[in-house]
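This report refers to the structure that appears directly beneath it.
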Amino acid sequence: MLLYRLCRSWSDAPLPGMRCGCDTPCVMRMAAAVLVLATALGCSAPETAGPHVTPPGQTSPGSSRPTPSPSLVENNGTLESPLSDFKASVLGVSWATTLTDPQNGTTKPKGRYLLVRLALRNITKHPTHPPAHLSLHTADASEYAPEWDQTFGQTVLVGRGKVNDLNPGARTTLVLVYDIPAGTKPKAVAELKL
């Protein structure tokens, strides 16, 4: 509303092709309005070049959450900490022909579901994001990615584990779900033997 009023009330000579539909030029008005608004809110330009970096485990300015691990890696579009940030062990392996959780309902695999339960403990001094996209390696040298919807459903919604913000020393159980062809022999998840 403030920007609209500023646009309607100022009368500068129009700039060719720069109109908002109210028969007045808006480029200069918008820049001035942003400057006025920023000044009114107490914003100022940074005194040093570059972004502010908060050390891991400390609270960022304006936030009550500690900064995440500096070793986050992008994996299938999500940020995760590497497996080396955790003490990890395989708790068990099981097979399923269907899975059910509150978000996805009942789902069936194309082959069969392999569920790998991992115990993870954050061994760093900063918050981490458990790696939920660890590849399954099979005896025939094939590699399979986990089914994200089912992994999230079985880890968080059914098993009450976590896939984000695991503080130093904290533990969680991760259930990785793979859809693999019948008869496939699983060998390892990442470097963890099954």
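Values for this structure:
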read-out: Yes/no for G111 being surrounded by 12 or more Cβ atoms within 10 Å (Cβ to Cβ) and at pLDDT 50 or above; value: yes
read-out: Spans of strands (runs of 3 or more DSSP E) in the range 75-153 with at least 2 residues within 11 Å of L176 (Cα to Cα); value: 86-96, 112-122
read-out: Residue that is surrounded by the fewest Cβ atoms within 10 Å (Cβ to Cβ), among those in the range 144-162 that are among the polar types (S, T, N, Q) and touching a residue at least 24 places away in the same chain (Cβ under 8 Å); value: T151
read-out: Selection status of S84, surrounded by fewer than 19 Cβ atoms within 10 Å (Cβ to Cβ), at pLDDT 95 or above and of a type in the set (S, T, N, Q); value: no
read-out: Count of residues meeting criterion [touching a strand residue (DSSP E or B) at 6+ places or on another chain (Cβ under 6 Å), at pLDDT below 95 and of a type outside the set (S, T, Y)] in the range 151-170; value: 8
read-out: Matching residues in the range 163-193 - criterion: being surrounded by 15 or more Cβ atoms within 10 Å (Cβ to Cβ), out of contact with any His (no Cβ under 9 Å at 6 or more places or on another chain) and either more than 18 Å from P109 (Cβ to Cβ) or of a type in the set (A, V, I, L, M) (or both); value: T172, T173, L174, V175, V177, I180
read-out: Conditions (1) on the phi > 0 side of the Ramachandran plot; (2) at pLDDT 95 or above: number failed by T98; value: (1)
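The values are calculated or read from the model by the stated rules, or taken from the named source; none is laboratory data. In this text the structure is predicted, and so the values were computed from the model without any measurement. Neighbour counts are summed over all protein chains in view; Cβ atoms, including those assigned to glycine, are modelled from backbone coordinates with ideal geometry.
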